[in-house]
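One structure below.
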Amino acid sequence: EKGGYEHFMLKEIHEQPRSIQDCFRGRLNAKDGWVQLGGIKDHIEKIGKAKRIIFVACGTSWHAALVGEYLFEDLARIPVEVEYASEFRYRNPIIGEDDIVIAISQSGETADTLAALDIAKKKGATTLGICNVVGSSISRVTDAGSYTHAGPEIGVASTKAFTAQVTVLTLMALSIAKERATMSESQFRTILTELEQIPNKVSKVLEQNDLIEHISDVYQNANNALYLGRGSSFPVALEGALKLKEISYIHAEGYPAAEMKHGPIALIDEEMPVFVIATQGTSYEKVVSNIQEVKARKGKIIAIVTEGDTQVKAMADHVIEIPDTDENLVPLLATIPLQLLSYHVAVMRGCNVDQPRNLAKSVTVE
Ligand code: F6R
C-alpha cells in the first residue's frame, strides 16, 4: 500500500507530479488558453464582483491560503484576508452578503473551519470550499467549491494536499482574473503554459533527493532552525518550518526575510541553520542582502535557488536548485525540497514520520 516507499509521507511527496496533474484534469488548457473550475462556474460572476475574499483555514491549509492571498491579489486584483478559522469564529467578524468566504481543508472535517463557515453563512456570505476528501462535511455545507483531487493522504503531515490546494487556488485566481479582465491575454497564456509544466518540474526537484538527504544529515542534530522567504515564498517558509517541527520535533520558525532584523537575528550563531528561499524574481536582491546578514553572524545558509544561480551559491553553505518558473508558481516547486528535508531529518532522528506524537490527521475537536 506504500507503493514500495518506506513511509506514506515519502510516497505522498513523490506522488506530487501526479497529484498536481490530477488537479488540472479537465480544468485547464494552455494551448487553447482556458481555465475552468466546474464547481464554481455558477458563482463566478458573483465572485468577480466581490469586494473582498476571506480565506479561513488551519495549519498547512492556512499556509496555502496565504499563498492564495498573493495569487488572488496579484492576478485577480481582489482584496484578500486570511484568517485562522479558530480566531475568526470567536471574534465578531464584519462580514456581509458581498463577501466570499473560502474554507480550505484537506480533510473537510476540521472543527474550527466548519464553525467559521457556519458564522459566515449566518451573516449571509457566499461560502466556497477547497477540500480534498470528497463528500466531507465542509464540501457539503458550502455553497460551492472545487476539490483538490490529490487522492487519499495518509501521512499526518500534509504534503501533496498542500500543493494541490495551491494548484486549485492558482486556477481559481486565474478564473477570477478572466472574469474581471485583470490580466492581458499574453500574461494569462504565459502563466497557463508555465502551470502545465509544473508536474515535470516537480519531478526534477524530486531528483535532488540524494543531495537533500545529505543536507539533512548535516543538520539532523540542530535544536533550532529558521526559515526565511519573501512574497509568496514567505508562506513556503512557514510551511517548511511547520513540517520540520511536526515530524522531527526540532523547533523551527518561519519568517518574512525582512522581519529577521526585528528580532530573530538575535538567535543567529554558528549553530543555527537558516533555510532561505532565494529564487530569481522581484525580491532576489533583497533576499541576497538578508543572506549576507545571516552569514555575517556565522549562521549556516541552506538556500533554495533557481537553476543556474551563481550569486547565492557563492555565499551559501548549501544550495538546492529548482527549475525556473513564473514567480507566482514558485511555491509549488520551492515547497518540495523542504518536505523532503523534514522527512529525512525525522527518519535520521528515529521519529515516527507518518504518525508524529500528539497529532491527528483530522482535528474534529476545537
Ligand atoms: C500539517 C497538518 C495540519 C493540517 C490542519 C488542517 O501538516 O496536516 O496543520 O493542515 O490540521 O487540516 P485540514 O486541512 O484537514 O483542515
* Structure fact -> Nearest-0.05 FRET efficiency for Ala266 and Lys298 at R0 = 22 Å, using Cβ-Cβ distance, is 0.95
* Asked: So which helices of the chain fit the span-like rule, where a helix is a whole DSSP H run, its Cα atoms reach 27 Å or more along the axis, and its mean Kyte-Doolittle is at least 0.0?
  -> 160-180, 330-348
* **³J(HN,Hα), Karplus 6.51/-1.76/1.60, whole Hz, each residue of the stretch 35-45, x for Gly, Pro** => 10, 8, 10, x, x, 10, 3, 5, 10, 5, 5
* Work out from phi, with θ = phi - 60° and the Karplus expression 6.51 cos²θ - 1.76 cosθ + 1.60, the ³J(HN,Hα) of each residue of the stretch 148-153, listed in order in whole Hz, and give x for Gly and Pro. => 8, 6, 7, x, x, 10
* Asked: When ranked by the protection proxy of mean other Cβ atoms within 10 Å per residue, highest first, what sequence do the peptides 352-365, 298-311, 153-166, 110-123 form?
  -> 153-166, 110-123, 298-311, 352-365
* Cα-projected label distance for Glu259 with His214, points at 7 Å along beta-carbon direction, nm -> 3.4 nm
* Kindly write out, for the stretch 351-366 in residue order, the coupling ³J(HN,Hα) from the Karplus curve 6.51 cos²θ - 1.76 cosθ + 1.60 (θ = phi - 60°), rounded to whole Hz, with x marking Gly and Pro. => 7, 7, 4, 6, 9, x, 4, 6, 10, 10, 5, 9, 9, 9, 10, 7
* Could you list, in their original order, any pairs among Lys204/Lys245; Lys123/Lys261; Lys121/Lys178 whose Cα atoms are separated by more than 29 Å? => Lys123/Lys261
* Structure fact -> Stokes-Einstein D for the chain (20 °C, 1.002 mPa s, Kirkwood Rh from Cα pairs), in µm²/s, comes to 104 µm²/s
* To do: Could you list the trypsin sites (Lys or Arg not before Pro) in the stretch 1-41 that lie in coil according to DSSP, counting only those with at most 16 other Cβ atoms within 10 Å of their Cβ?
  => Lys2, Arg25, Lys31
* **Prolate/oblate/rounded label for the stretch 212-314 (Cα gyration tensor, a/c 1.5)** => rounded
* To do: Using the Kirkwood radius over Cα pairs, work out the Stokes-Einstein diffusion coefficient for the stretch 8-61 at 37 °C and 0.692 mPa s, in µm²/s as a whole number.
  => 230 µm²/s
* State, as an integer percentage, the relative contact order of the chain based on alpha-carbon contacts under 8 Å between residues 6 or more apart. => 20 percent
* Asked: Ranked highest first by average number of other Cβ atoms within 10 Å, how do 233-244, 170-181 line up?
  -> 233-244, 170-181
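Each reported figure results from applying straightforward, stated rules to the coordinates on display, with no laboratory input. Worth saying up front: this structure is predicted, and the values here are computed from it rather than measured. Every residue, glycine among them, receives a Cβ derived from its backbone with ideal geometry; neighbour counts consider all protein chains shown.
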